[in-house]
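Shown next, in structure tokens, is the structure this report addresses.
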2 protein chains.
Amino acid sequence: MLEVKTPEEVLRLIEKAFHPLGRIETVPLAEAPGRVLAEDIRAEEFVPDFDRSTVDGYALRAKDTFGCSDAVPAVLNLVGDVRMGEGAAFSVPRDSCAYVPTGAAIPAGCDCVVMIEYTEDYGDGTVGILRPGAPGMNLIFRGDDVHPGKTVLRSGRVLEAQDIGALAAIGKTEVPVCPRLRVGVISTGDELVPAGQKPGPGQVRDVNGPMISALLREFGAEPIDYGIVVDDEKLLREKTGTAAESCDAVILSGGTSAGVRDAACQIIGDLGELLLHGIAVKPGKPTILGRTGNRPLIGLPGHPVAAFFVVKLFALPLLARLDGRTMCSRPVHAALSESFSANHGRMQVSACSLEEKDGRLVATPVRSKSGLITQLAGADGYFVIDRDCEGLPKDAETEVYWH
Amino acid sequence: MLEVKTPEEVLRLIEKAFHPLGRIETVPLAEAPGRVLAEDIRAEEFVPDFDRSTVDGYALRAKDTFGCSDAVPAVLNLVGDVRMGEGAAFSVPRDSCAYVPTGAAIPAGCDCVVMIEYTEDYGDGTVGILRPGAPGMNLIFRGDDVHPGKTVLRSGRVLEAQDIGALAAIGKTEVPVCPRLRVGVISTGDELVPAGQKPGPGQVRDVNGPMISALLREFGAEPIDYGIVVDDEKLLREKTGTAAESCDAVILSGGTSAGVRDAACQIIGDLGELLLHGIAVKPGKPTILGRTGNRPLIGLPGHPVAAFFVVKLFALPLLARLDGRTMCSRPVHAALSESFSANHGRMQVSACSLEEKDGRLVATPVRSKSGLITQLAGADGYFVIDRDCEGLPKDAETEVYWH
């Protein structure tokens with residue numbers, strides 16, 4: 001029998017026992033949001049590819065305007081007009097200027113732009129400049145945003161809208177991403193019926209199957225539903241073997257009775273190697289982890305609340321390891337609305353609601369008997385109490401996680 | 001000309017000028033994650049529908065075990081064995097017990113379960129109970145999780161995995177949600193080419209189109225791409241009119257030059273009503289908002305960074321108003337890595353990276369010339385400086401938002 005491990009030990013074990021799959025597929029830019037970048041992205045061009053004005057005004061040489069003012073304008077010859085979307089095909093000689101709209105190219109010979117508000121077009125081919133320019137003023141230089149070779153995004157990042165913008169800017173319309181992980185989901189238990197079926201005496205609907213599939217979808221993996229298996233070692237062994245052959249990972253849940261737990265351990269051990277049986281976390285202790293090669297086989301407790309937290313805390317970090325993903329789950333800070341006691345020696349997790357009161361975020365623990373999933377519904381996040389801690393008093397600041 | 005409004009005034013204007021569409025469609029449970037619930041969900045049954053054991057053990061009457069101990073066990077007759085997934089078809093008389101696995105139904109006559117660890121099966125049809133039971137011990141009662149009429153989830157919630165679990169528990173396999181908002185996206189500018197095309201002299205790739213579409217997808221709306229329109233009032237008027245006819249909202253971006261901005265104002269005014277021209281926020285000031293009926297027409301600045309923040313701060317809350325969605329963007333707290341100055345009189349937004357240093361979250365502002373989108377790529381969030389504030393010193397605690 002393997003020892004119960006602490007949450008930190010489990011996360012270290014995950015790092016050691018599994019490695020990134022290193023697979024790559026290419027998707028169009030429009031389908032890239034939410035996907036995991038599989039390679040560093042380097043720019044191959046200058047962005048912008050020309051010096052560009054940031055205002056509507058006159059491009060000119062700063063030194064031709066030194067000392068000018070409302071009272072003594074610098075009078076320059078207007079030699080042209082740059083249109084948006086065209087290059088500046090002419091150059092500007094001394095004591096001259098050219099009109100440029102915001103975003104347009106700056107003609108050769110100019111080193112700044114004076115805003116139109118500080119100028120006066122005399123209508124006779126000359127323009128009065130009422131404020132002196134300075135070199136670089138109101139300009140974006142060629143390559144200010146990106147130059148060839150610059151790393152724009154790092155592999156492992158989950159792509160967000162601003163990243164899509166950057167990829168568009170450098171012309172990357174095909175993006176190398178990690179293929180979605182295919183994760184087999186199996187619910188076990190003689191008492192389970194599918195959610196669409198009315199439970200008979202002693203039966204309950206399968207909550208874990210749909211919930212774990214939803215967690216996987218939110219994460220960006222593809223759940224493969226293997227349905228409900230009754231508590232029969234042979235059937236469970238067959239189903240688990242089938243799932244392991246065609247998926248990148250398999251998540252079993254249920255088997256709440258001791259006999260079935262042992263069967264799951266046995267099956268996982270026989271299919272490959274059992275790595276872990278038991279995590280010092282409440283809820284979630286009877287968790288099993290094994291592998292066949294680099295393919296994780298995860299056995300979750302049957303209680304939905306326990307299954308939920310074990311997926312959040314351990315299964316998703318494990319899947320992130322497989323697709324080389326950078327995980328960053330950042331907590332928000334909130335004051336506890338009431339005291340919360342915990343058992344020394346194991347980490348404890350509780351769902352909570354969040355509410356703003358007097359400009360302060362307040363977390364109210366959701367008190368639930370293990371397994372009562374509807375208590376979790378509508379919760380806003382969860383907080384964790386370390387295993388060295390015996391509880392937190394009312395008003396204690398706690399860190400609340402969700403995503 | 002309309003006055004520039006403060007961000008608070010804009011959010012109040014959105015509440016006042018637009019109302020929820022109130023449309024409903026039904027989707028299967030597996031497709032419900034991330035969708036906006038369109039109706040309150042009430043349970044119609046008890047969950048569980050029977051009294052249930054939370055442990056493996058013996059169901060019995062507590063009073064038959066009062067005072068028992070290791071030394072003086074209560075000896076009870078074993079009258080049955082409840083199987084998982086079956087009702088308890090028998091009842092348990094006085095001084096008797098029945099074996100129940102975790103999650104199984106409790107036979108009539110019993111009021112608690114004693115864990116198997118505290119019992120001894122003598123093998124002769126009797127069981128020794130070594131610890132006294134207490135009424136309700138190790139039981140979940142019928143309806144403890146849900147009873148008929150209980151509101152399990154409220155309309156407006158964006159459904160997450162735990163909500164999917166609750167819906168499965170009560171047998172809701174068809175979920176009433178708000179149809180995805182269809183949002184037309186139009187980029188304007190003579191200088192723009194599609195991201196897949198190499199820019200010629202004076203041209204740049206369209207960043208806003210793909211980025212705004214990605215923001216809409218992340219939010220759960222359906223972007224409808226109307227492509228790039230050159231700076232021509234007639235063409236822009238036609239395209240905007242077409243988009244407004246078939247979408248729930250239209251977002252224009254670009255038109256950075258003063259003439260085009262005026263054209264956009266004119267077009268929005270002609271199609272319906274101009275509500276707003278200018279928000280006291282940096283970047284993002286030249287934002288336009290109008291409506292035709294309850295359909296918003298939004299004109300964003302052409303600078304990608306400004307467009308990004310205006311979508312996050314104003315366009316998404318507006319879309320949330322249309323689908324009756326509860327928005328909750330909760331900030332994380334971080335210390336500023338360096339001082340950040342701001343202009344009194346307008347709100348200022350800056351992207352930042354987040355890093356953990358010495359157990360503390362540190363936010364480093366991303367310094368960027370307006371429009372430099374690749375600086376935003378890889379950023380972890382943004383913080384906001386109020387318009388009454390002239391800046392923040394190094395180490396000041398700031399609130400960082402992303403989702």
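We did not get these values from a lab; they are worked out from the coordinates using the rules stated. Keep in mind the model is a prediction, meaning the values are calculated, not measured. Methodologically, a virtual Cβ is constructed for each residue, glycine included, from the backbone with ideal geometry; neighbour enumeration extends over all protein chains shown.
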With just the Cα atoms defining each centre, how far is the stretch B:206-234 from the stretch A:42-99? Give it in Å.
31
Beta bridges by DSSP in chain B, antiparallel share as percent, to the nearest 5:
65
Value of D in µm² per second that Stokes-Einstein yields for chain A, Kirkwood Rh from Cα pairs, at 10 °C (1.306 mPa s)
62
Using a 10 Å cut-off around each Cβ of peptide B:170-176, what is the average number of partner chain Cβ atoms that fall inside?
3
At most 14 other Cβ within 10 Å, DSSP loop - GluC sites (Glu not before Pro), the stretch A:319-367:
A:Glu338
Can you list, shortest first in nanometers, how far A:Lys234 lies from the same residue in the other copies, with each label 7 Å from Cα toward Cβ?
8.0
Could you tell me how many degrees, from 0 to 90 and to the nearest 10, lie between the Cα long axis of helix A:258-271 and the main elongation axis, the longest principal axis, of the Cα atoms of chain A?
60
Rounded to whole Hz and in sequence order, give me ³J(HN,Hα) for the stretch A:136-151 from the Karplus expression 6.51 cos²θ - 1.76 cosθ + 1.60, θ = phi - 60°, writing x for Gly and Pro.
x, 5, 6, 10, 10, 7, 3, x, 4, 7, 9, 10, x, x, 5, 7
Using the 7 Å Cα-to-Cβ label point, sort the distances from A:Val72 to its equivalents in the other copies shortest first and give them in nm to one decimal.
11.4
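Longest segment of chain B with no chymotrypsin sites (Phe, Trp or Tyr not before Pro) in a DSSP loop having at most 12 other Cβ atoms within 10 Å?
B:123-403
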To one decimal in nm, how far is A:Pro135 from the same spot in the other copies, if labels go 7 Å from Cα toward Cβ? Please give the shortest first.
9.2
Within the stretch A:116-201, DSSP-loop trypsin sites (Lys or Arg not before Pro) with at most 14 other C-beta atoms within 10 Å are A:Arg154
If one takes the longest principal axis of the Cα atoms in chain A, at what angle in degrees, from 0 to 90 and to the nearest 10, does the Cα axis of helix A:7-17 lie?
80
List the trypsin sites (Lys or Arg not before Pro) within the stretch A:1-67 that fall in a DSSP loop (any state other than H, G, I, E or B) and whose Cβ has at most 15 other Cβ atoms within 10 Å.
A:Arg23
Most fluctuating of A:Val152, A:Val183, A:Val75 in the GNM of chain A (C-alpha, under 10 Å) is A:Val75
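Would you mind classifying the stretch B:332-401 by shape? Square roots of the alpha carbon gyration tensor eigenvalues, ordered a ≥ b ≥ c; an a/c under 1.5 is rounded, otherwise it is prolate if a/b is larger than b/c and oblate if not.
oblate
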Grab the other residues whose beta carbon is less than 15 angstrom from that of A:Ala74, score K and R as +1, D and E as -1, and report the net.
-2
Computed [θ] at 222 nm, deg cm²/dmol, chain A (DSSP H ≥ 4; -39,500 (n - 2.57); rounded to nearest 500)
-5500 deg cm²/dmol
Taking θ = phi - 60°, what integer Hz values does the Karplus form 6.51 cos²θ - 1.76 cosθ + 1.60 yield along the stretch B:155-166, in sequence order, with x for Gly and Pro?
3, x, 6, 7, 6, 10, 4, 5, 6, 4, x, 5
Compute the long axis of helix A:233-246 from its Cα atoms, compare it with the longest principal axis of the Cα atoms of chain A, and write down the angle in degrees, 0 to 90, nearest 10.
20
Percentage relative contact order, chain A, counting C-alpha pairs under 8 Å, at least six apart:
17
Straight-line reach from A:Lys150: which lysines fall under 19 Å, measuring Cα to Cα and dropping same-chain residues less than 8 apart?
A:Lys172, B:Lys198, B:Lys369
Greater than 24 Å separation of Cα atoms is the criterion. Which listed pairs, B:Lys357/B:Lys394; A:Lys5/A:Lys312; A:Lys5/A:Lys282; B:Lys16/B:Lys312; A:Lys234/A:Lys312, meet it?
A:Lys234/A:Lys312
Net charge of neighbours whose Cβ lies under 15 Å from the Cβ of B:Val92, counting Lys and Arg as +1 and Asp and Glu as -1
-2
List the aspartates and glutamates whose Cα lies under 16 Å from the Cα of A:Lys285, skipping any in the same chain that are fewer than 8 positions away.
A:Glu3, A:Glu8, A:Glu9, A:Asp262, A:Asp386, B:Asp56
Shielding of A:389-399 by partner chains, average beta-carbon count, 10 Å:
0
Let me make sure I get this right: for the protein assembly as shown, a, b and c are the square roots of the gyration tensor eigenvalues over alpha carbons, sorted descending. Under 1.5 in a/c it's rounded, otherwise prolate if a/b > b/c, else oblate. Which is it?
prolate
Sort A:Ser187, B:Ser337 so the one with the fewest other Cβ atoms within 10 Å of its own Cβ comes first.
B:Ser337, A:Ser187
What is the fewest-to-most order of A:His147, B:His277 by other Cβ atoms lying within 10 Å of their Cβ?
A:His147, B:His277
Net charge near B:Ala363: determine it from the other residues with C-beta under 12 Å of the C-beta of B:Ala363, scoring Lys and Arg +1 and Asp and Glu -1.
-3
